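Since the structure comes first, as structure tokens, the remarks are kept for the end.
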Amino acid sequence: MGWAAYHTRHMTGLFDELASLLARGGYVMFPLIVLSLVSGTLVIERTVFWVSVNGKASLRRIARLNRALREGKRDTVEQLIDGDMTPYGRLARRMFTEGASDAVAMEAIEDERHRLGRYMVALSTIITAAPLLGILGTVLGIIQSFELLGGKSTLTDPTAVAGGIAAALLTTAFGLVVALVTLFPYMAFRGQVGHALGRIEAMVAAAQEGLGTSRPRGDEPC
């Protein structure tokens, strides 16, 4: 009961802080919060993907597969690619079954390039859009504050204007935080894409050296 009560109070406090943030930042906070949630989801998904693809166990498997391809050990290659659904496994399977010709290799590389770069455009868009939305919220807030200053009614509390401007700047700060939190994983993922493409090109070279560029026997169309 104690833990449940603590958890309930914690969640209630979190929702209260979120409501206060929305009230202070205005309507622009809604898309910014949505962008932050999307960013967090994509970063987690891509992190899990790259850990599974470029982890130590996967790299050892790639080294064994490249060695088997280079030496033309078809039985070993077939065992290693069996059930391997990583980009490297799919590429090796294509070249093993269809031949390691340049045409097959280029088609397979382009297919894997698309998978490796998945969600990168979305993350890049968030990095660009979040600060712009933050600035938009700040500009709107400042406009409202100057409307108070230029209004016909007498302004009895000047601190209200200062508080309005401070609240308006909240959207810029939040937008910059979303962009920065997204930027560093995005750059890391770009690095992983580059490393993966380099390993894929090395695998193609190993396959062409050991398996040849012709279609394997028995796979020719009748």
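We did not get these values from a lab; they are worked out from the coordinates using the rules stated. Owing to the predicted nature of the structure, the values given are computational and were not obtained by experimental measurement. Quick reminder, even Gly has a Cβ in these numbers, built from the backbone with ideal geometry, and neighbours come from all protein chains shown.
Every Cα-Cα pair of region 26-210 was included, and the share exceeding 23 Å stands at 57 percent. The length gained on full extension between residue 209 and residue 111, counted as 0.36 nm times the residue separation minus their Cα-Cα distance, comes to 33.1 nm.
Modelled spin labels at residue 52 and residue 37, positioned 7 Å past Cα toward Cβ, are 2.4 nm from each other. Remark: spin-label model distance residue 139-residue 190 equals 2.6 nm, labels positioned 7 Å along the Cα→Cβ axis. Using θ = phi - 60° in the Karplus curve 6.51 cos²θ - 1.76 cosθ + 1.60, the 3J(HN,Hα) couplings for region 51-63 round to 5, 6, 8, 10, x, 4, 4, 5, 5, 5, 5, 5, 4 Hz; x is entered for Gly and Pro. Residue-wise HN-Hα couplings along region 35-42, as the Karplus relation 6.51 cos²θ - 1.76 cosθ + 1.60 with θ = phi - 60° gives them from phi, are 4, 5, 5, 4, 4, x, 5, 5 Hz; Gly and Pro carry x.
Compute the FRET efficiency between residue 122 and residue 78 as 1/(1 + (r/R0)^6), taking r as their Cβ-Cβ distance and R0 = 35 Å, and round to the nearest 0.05.
Working: r = 37 Å, r/R0 = 1.05.
The computed FRET efficiency comes out at 0.40.
Potential lengthening of the chain between residue 146 and residue 129 amounts to 3.5 nm, from the contour at 0.36 nm per residue minus the alpha-carbon distance.
Taking a ≥ b ≥ c as the square roots of the eigenvalues of the Cα gyration tensor, region 63-107 is oblate, since a/c reaches 1.5 or more and a/b is not larger than b/c.
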